Amino acid sequence: MNKSTTGQQVRQQFLQFFDNKQHRVVPSAPLLPANDPTLLFVNAGMVPFKDLFLGKQKRPYSRATSVQKCVRAGGKHNDLENVGRTARHHTFFEMLGNFSFGDYFKQEACVYAWEFFTQLLRLDPKRLHVTVFGGQQGLCAADMQTQQIWQDVVGVPAQQIQQCGAADNFWSMGETGPCGPCTEIHYDRRDLCSGSFGDDPEGDGMVELWNLVFMQYERHADGSLTDLPRPCVDTGMGLERLCTVLQQANSNYDTDLLQPLLQQAQQQSGRVYKASDSDDDVSLRVLADHSRCVAFLIADGVMPANEGRGYVLRRILRRAVRHGEQLGLNKPFLHELCGQVVALNAAAYPELLQAQALVQQVVLQEEEAFRRTLQRGLQLFATQVKQLPKGNTQLPGDVVFRLHETYGFPPDLTAVLAREQGLHIDWDGFAVAKQQHNEASASQLGLQGVQTIYKDLALEFGATPFVEQPQDCPTARVLALLDAQGSSVACLTQNQRGIAVLHRTPFYGESGGQAGDIGVVADSNNNKAQVVDTQKVAGLHLHHVHVQQGQLTVNQQLRCSIDQQRRQGLRHHHSATHLLHSALRQVLGTHVTQKGSLVQDARLRFDFSHFAPLTPQQLQQIQQRVNSWIQHNDAAQAAHMSLNEAKQQGALALFGEKYGDSVRVIRLGKNSLELCGGTHVQRTGDIGSLMIVSDSPVSAGVRRIEAVSGSAAVQHAWQQQQEILTLAQLLSVSPADAASRLRNLLQQQRQLQHQLTQLQNQQASQQASQTVQQARDINGVQTICQQLADGIDMHALRSQCDAIRQQLGSALVVLASTQPDNSWKIVVALTKDLQPQYHAGKLAAALATAAGGRGGGRPDFAQAGGPDSTKLKQALQQLPQLLQQQS
């Protein structure tokens, strides 16, 4: 065992070891599960191989190894508040794993693990202890086979082997499905520990390192187990724990994976880390852990949001900021810590370096927004306390939860503030509100899988191939038909709608943002159906059909005719999307990655990672680059190659997209190389031209460009030209002079508006001098409450209100006016000295309610309005009563 072994060296040693054992080295998948919406994030090394274990997918290898990025936060792993308080719990971690898909089984897995530990890493075998499944009544017998392998084949002494129950040593993929016993390898370091922190039920000395799962059974709905025809092996080992042992550290936080982050957090806060349970040390550990999770999630395409995965990211980020506040970090800091995460991990995960600018900018913006939220939360807390009935010292739990869930205000901070006010919190009520929210929002995470019928069809027929050139697919055979309710049927008759699955198809199924093809399928007997859409699900091309004549039947041979004009528009816009992506990366930076797209025959929409609005100059540069590449008229080239080869050539891939070992790469000249299965032009010149229509924000760190190309671009240009001609006619100038003329008119308008505002202010001041003479005392307050002349707009009302306040020095001012459309407007203003006693926003709201309208605003100034001016006078007469109620 070499104490100086780094985390990066361990990654390399592990992969090389299993590479030498004929395992395919598979790169880490993104943290967003591909085609598995049942998970929030990839949370184990086996997730990218899930379909192989279930027998729903085949790959050209039967054994694999990986170092997989994992996140456990949210969903079932919603114990975020414990991170930082224990020595080994993390939101983000790396899992080393080796896998067998019907290849080797228990003996090889145990031998490989022991060899890696004792021969390569040189761990003392006397410190390695093993647990095996000891059997459980109603489940299955003890795994004596594995125990015998450890003793007789590997040579582990009997006293270092322990049998455990199903809770520790039996694993299943779910209530039903593949399952089996597992065996764990622990490292005894009880005499090596110098003490650690946190309440860890495993103890600080005996560290679980490696879990070897043997999937040999299928569990059925009645709980019975049957043998799987192809048993599999799934192993997982946390890199952080292994480094703790190898580097003889006291905890994961003392390894080279996390220690540099702790050091930077200390430098930022001026606090000293003492590896204790103190509040400061907990907060420093939170910053080290959460910064990793935040940086990796954003780099893999997750953006802060109010639901789903984005909400989990937002919670983690905000928790880090809150702990930074507790360390005295009152200015944005987390983006700098995320920069250190990139520096530490870029060698193993180059996607971090590519996304560094995006990561740091998104984190900075989110932290700044959250700090503003905290200030609003303090105000809301004060409002809730003020509304408590006299003598009530309990803050309702639903209020505390609402502050947390809606405004991001942390419950523990609410508890601190409550104690300062002599209040206590109804935590039972908080738990009830939280439970109700979780139950209501569970279905909103979008965690629903592919329908079973499509999975069954994919298992029966396999993937249905797409043939891009229609002449290469003149006919196709019907494999299966589904009716409008999704049930399998033998035929669809005239006027029926349903889905047809063909053994091959020239119809492109919607994927990669490109809309599905439409067209017609027919046979020689005048049976005919309109294809109104084509989708791609589980590898199947699903043709949504409307039978127009005769019927469609299973095994029927059909002629396939796609809508060629629409396909041409789709090709133009899809190829234009690739060129647009490359131009964005060249002009804005390599942090730009595709976050979504829509390719239609008449337009394209492209969502991409970027943190600021595009300037007119940037938009012009992007458009010019794309059009210059179009004019170059390069040939479009499609090639099939391995995923690794494509990446080595610099091909762009989409985060979260699931690719096989063989991928299709589209090259459009020297500037665009992307993984893509869609349809494209033959030469870039076929696109014609590209015109950017708009640039707009989608969410934090994500923007959207809409554009048109081909004939749609010509149409858009013609419409713009007509608008310019119409504008020129209205201005009585030539089209070339229209912009200059309009600019001069707008300048004149601004000057006249400025003069008008000055006159209105003068008039307001003069009227104010007259109005202040009519001030009267209401409830001990100088009050002006008047309905002014009809037709005075809100700006004039505000101006006169300010002038009256200034002249009186201490006053409440309420001014109103009816409008030409019979509506009314009110402004309410208070001088500063009256604000502790009265609230302008509440007064405006009350007056508005009395007059059949709506209103509200700040404590010092508010406004209201409504549709019926006949109620205004009566409402103003209620002001003395309203003042009495507020005092």
Review point. On full extension of the chain, what length is gained from S711 through E115, given 0.36 nm per residue of separation minus the C-alpha to C-alpha distance?
Key: 208.0 nm
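Full-extension gain between D777 and K126, please, as 0.36 nm times their residue separation minus the C-alpha to C-alpha distance.
Details: separation 651, 0.36 × 651 = 234.36 nm, distance 9.11 nm.
Full-extension gain reported as 225.3 nm.
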Exercise for review: For I692, tell me the accessible area in Å² from a 1.4 Å probe, rounded to the nearest 10.
Suggested key: 30 Å²
Point to revise | Computed accessible area, S487, all protein chains, 1.4 angstrom probe, square angstrom | key: 60 Å²
Revision key, fill the gap. Quick shape check on the chain: root eigenvalues a ≥ b ≥ c of the Cα gyration tensor, a/c under 1.5 is rounded, otherwise prolate if a/b tops b/c, else oblate, and it reads oblate
Check your understanding: Which lysines have a Cα less than 21 Å from the Cα of K56, not counting those fewer than 8 places away in the same chain?
Key -> K455, K536, K658
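Sorting K825, K21, K58 by accessible area (1.4 Å probe), largest first, what list results?
Numbers: K825 65, K21 45, K58 195 Å².
My answer, sorted largest first, is K58, K825, K21.
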Review point. If the cut-off is 13 Å between C-alpha atoms, which aspartates and glutamates fall inside it for K842, apart from same-chain ones fewer than 8 positions away?
Key: D860
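Rounded, prolate or oblate, given the Cα gyration tensor of region 813-887, with a/c below 1.5 counting as rounded? Can you show the working numbers first?
Details: a/c = 2.36, a/b = 1.75, b/c = 1.35.
Prolate, because a/c is 1.5 or more and a/b exceeds b/c.
I need the shape label for region 625-698. Rule: rounded when a/c is under 1.5, else prolate if a/b > b/c, else oblate, with a, b, c from the alpha carbon gyration tensor. Before the final figure, lay out the partial values.
Numbers: a/c = 2.35, a/b = 1.39, b/c = 1.69.
Oblate, since a/c reaches 1.5 and b/c is not below a/b.
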Revision key, fill the gap. In Å², rounded to a whole number, the accessible area per residue of region 148-296 with probe 1.4 Å is 39 Å²
Check your understanding: Taking the Cα atoms only, what angle lies between the long axis of helix 452-461 and the longest principal axis of the chain, rounded to 10 degrees?
Key -> 40 degrees
Review point. Sorted by accessible area with a 1.4 angstrom probe, largest first, how do T577, T757, T615 fall?
Key: T615, T757, T577
**Study point:** Zone of H632's modelled label, taken as backbone nitrogen in region 540-576 under 19 Å from a point 7 Å along Cα→Cβ
**Key:** 572-576
**Study point:** HN-Hα J in Hz across region 113-121 - Karplus 6.51, -1.76, 1.60, θ = phi - 60°, x for Gly and Pro
**Key:** 5, 5, 5, 4, 5, 8, 9, 7, 8
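Give me the extension gain from A490 to D456: residue separation times 0.36 nm, minus the current Cα-Cα distance, reported in nm with one decimal. Provide the component values of the computation, followed by the final result.
Details: separation 34, 0.36 × 34 = 12.24 nm, distance 1.63 nm.
Stretched fully, the A490-D456 segment lengthens by 10.6 nm.
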Review point. Quick one: ranking H581, H186 by accessible area, 1.4 Å probe, largest first, what do you get?
Key: H186, H581
Check your understanding: Say each of R419 and E645 gets a label point 7 Å from the Cα, pointing the same way as Cα to Cβ; how far apart are those two points in nm?
Key -> 6.5 nm
Practice item. Mind grabbing the accessible area of K50 for me, 1.4 Å probe, Å², rounded to tens? Key: 50 Å²
Revision key, fill the gap. Interchain or sequence-distant (5+) residues whose placed amide H lies within less than 5 Å of the amide H of V489 are L481, L482, D483
Check your understanding: For the chain, what's the relative contact order in percent, using C-alpha pairs closer than 8 Å and at least 6 residues apart?
Key -> 7 percent
Review point. Between Q8 and V554, what FRET efficiency comes out of the Förster formula 1/(1 + (r/R0)^6) with R0 = 56 Å and r the beta carbon distance, rounded to 0.05?
Key: 0.50
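For n ≥ 4 DSSP H runs only, could you compute -39500 (n - 2.57) per run for the chain, divide by its residues and tell me the 222 nm figure to the nearest 500? Walk me through the numbers before you get to the answer.
On the way: 25 runs with 332 residues, N = 887.
Mean residue ellipticity at 222 nm (helix-derived): -12000 deg cm²/dmol.
Normalised by the residues of region 1-112, what does the relative contact order come to in percent, with Cα pairs under 8 Å and at least six apart? Could you put the intermediate results ahead of the total?
Values: 137 pairs, mean separation 30.0, N = 112.
Relative contact order, region 1-112: 27 percent.
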Exercise for review: Would you list, by chain and number, the aspartates and glutamates whose Cα falls below 20 Å from the Cα of K873, excluding same-chain residues fewer than 8 positions away?
Suggested key: D777, D790, D793, D821
Study note, to complete from the structure: Phi-derived 3J(HN,Hα) across region 561-569 with the Karplus relation (6.51, -1.76, 1.60, θ = phi - 60°), rounded Hz, x for Gly and Pro, is 10, 8, 6, 5, 5, 5, 4, 4, x
Point to revise | Virtual spin-label span in nm between R59 and D227, 7 Å along Cα→Cβ | key: 2.7 nm
Exercise for review: Express the carbon and sulfur contribution to the solvent-accessible surface of the chain as a percent, rounded to the nearest whole number, probe 1.4 angstrom.
Suggested key: 46 percent
Study note, to complete from the structure: Between L395 and residues 5 or more places away or on another chain, the pairs with built amide H atoms under 5 Å apart involve H424, I425, D426
Review point. Put a dot 7 Å past each Cα toward the Cβ at T383 and Q885; how far apart are the dots in nm?
Key: 1.7 nm
Point to revise | Distant-in-sequence amide H partners of L209 (H built 1.01 Å from N, under 5 Å) | key: I185, H186, Y187
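Could you check how many percent of all C-alpha pairs in region 477-571 are farther apart than 16 Å? Write down the numbers at each step before the final one.
Values: 2185 of 4465 pairs.
Tail of P(r) above 16 Å: 49 percent of Cα pairs.
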Check your understanding: Relative to the longest principal Cα axis of the chain, at what angle does helix 279-299 sit, 0 to 90 degrees, rounded to 10?
Key -> 80 degrees
Review point. Counting Lys +1, Arg +1, Asp -1, Glu -1, what net charge surrounds L552 among other residues with beta carbon under 13 Å of its beta carbon?
Key: +2
Revision key, fill the gap. Here region 543-557 yields Karplus 3J(HN,Hα) values (6.51, -1.76, 1.60; θ = phi - 60°; whole Hz; Gly and Pro given as x) of 8, 7, 10, 10, 6, 9, 9, x, 7, 10, 9, 4, 6, 5, 8
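The values are calculated or read from the model by the stated rules, or taken from the named source; none is laboratory data. Computed from a predicted structure; not experimentally measured. Note that we place each Cβ from the backbone using ideal geometry, even for glycine, and neighbour counts take in every protein chain shown. Note: areas computed on protein heavy atoms with side chains; ligands, DNA, RNA excluded. Shrake-Rupley method; radii C 1.70, N 1.55, O 1.52, S 1.80 Å.
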